[in-house]
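Each remark here refers to the structure printed beneath this line.
The values are calculated or read from the model by the stated rules, or taken from the named source; none is laboratory data. A quick note: this is a predicted structure, and the numbers were derived from the prediction, not measured. Ideal geometry is used to build each Cβ from the backbone, glycine not excepted, and the neighbour counts take in all protein chains shown. Heads up: the accessible areas ignore ligands, DNA and RNA and are worked out on the full protein's heavy atoms, side chains in. Shrake-Rupley method; radii C 1.70, N 1.55, O 1.52, S 1.80 Å.
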Amino acid sequence: MLGRVFLFFPDPWPKRRQRKRRFVSDENLATLAQVMRSGAELRFATDIDDYAGWTLARILRSPDFVWPTDQSADWTRPWEGWRETRYEKKAREVGRRAVYLTFRASR
């Protein structure tokens, strides 16, 4: 069983007709939950606002994950020990800010 899963800056598939290709889907979340320990972390980072909202919508309706957050700073700061990715650097250079979301498997 997995204790932590990382999904950093996945391809956002920005066009409406492409969204079915996004990694974060109800089906993939259910599959991840089956291989994750109860309380395991799913860490997700993106610089695409639409993908952050898409992910939150799917997590919040999933019976397998919870979003344990108290304040907005919880998703605006990277995790301890974080090393900037090249995709994050490119986004920052064009003025986009990343979000860092942490979810917990509830099974």
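Where a ≥ b ≥ c are the square roots of the eigenvalues of the C-alpha gyration tensor, would you call the chain rounded, which needs a/c under 1.5, or, failing that, prolate if a/b is larger than b/c, or oblate?
On the way: a/c = 1.78, a/b = 1.26, b/c = 1.41.
Note, shape of the chain comes out oblate.
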Inset, instruction - Report the local net charge at K89: Lys and Arg +1, Asp and Glu -1, summed over other residues whose C-beta lies under 15 Å from its C-beta. - result: +2
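If you add up the charges near Q34, with Lys and Arg at +1 and Asp and Glu at -1, over every other residue whose beta carbon is less than 10 angstrom from its beta carbon, what do you get? Walk me through the intermediate numbers first.
Numbers: positive: R107; negative: D64.
That works out to 0.
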Legend entry - Highest to lowest packing among 45-55, 22-32, 82-92, scored as the average C-beta count within 10 Å: 45-55, 22-32, 82-92
Legend entry - region 19-26 - phi-based ³J(HN,Hα) in whole Hz, Karplus 6.51/-1.76/1.60, Gly and Pro as x: 4, 5, 8, 4, 5, 6, 9, 4
Inset, instruction - Would you grab the residues whose amide H sits under 5 Å from the one on L42? Only those 5+ places off in sequence or on another chain, please, with H modelled 1.01 Å from N. - result: V5, F103, R104, A105
Legend entry - Listed residues T31, Q18, Y51: farthest to the positive end of the dipole of the chain (Cβ charges): Q18
Inset, instruction - Express the accessible area of the chain per residue in Å², computed with a 1.4 Å probe while the remaining protein chains stay in the model. - result: 65 Å²
Inset, instruction - Quick one: accessible surface of S38, probe radius 1.4 Å, all protein chains present, in square angstrom to the nearest 10. - result: 80 Å²
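Mind ranking 67-75, 96-104 by how tightly packed they are, going by the mean number of other C-beta atoms within 10 angstrom, highest first?
Working: 67-75: 11.2, 96-104: 17.6.
Output ranking for 67-75, 96-104: 96-104, 67-75.
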Legend entry - Sum of side-chain charges, D11 neighbourhood, beta-carbon under 9 Å (Lys, Arg +1; Asp, Glu -1): +2
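Ignoring ligands, DNA and RNA, what percent of the 1.4 Å accessible area of the chain is carbon and sulfur? If you can, show how the numbers build up before the last one.
On the way: 3420 of 6960 Å².
Solvent-exposed carbon and sulfur of the chain make up 49 percent of the total.
Using a simple charge model, +1 on the beta-carbon of Lys and Arg, -1 on the beta-carbon of Asp and Glu, nothing else, what dipole does the chain show about its Cα centre, in debye to the nearest 20? It would help to have the intermediate numbers written out before the result.
On the way: 22 positive and 14 negative charges, 91 e Å.
Dipole size: approximately 440 debye.
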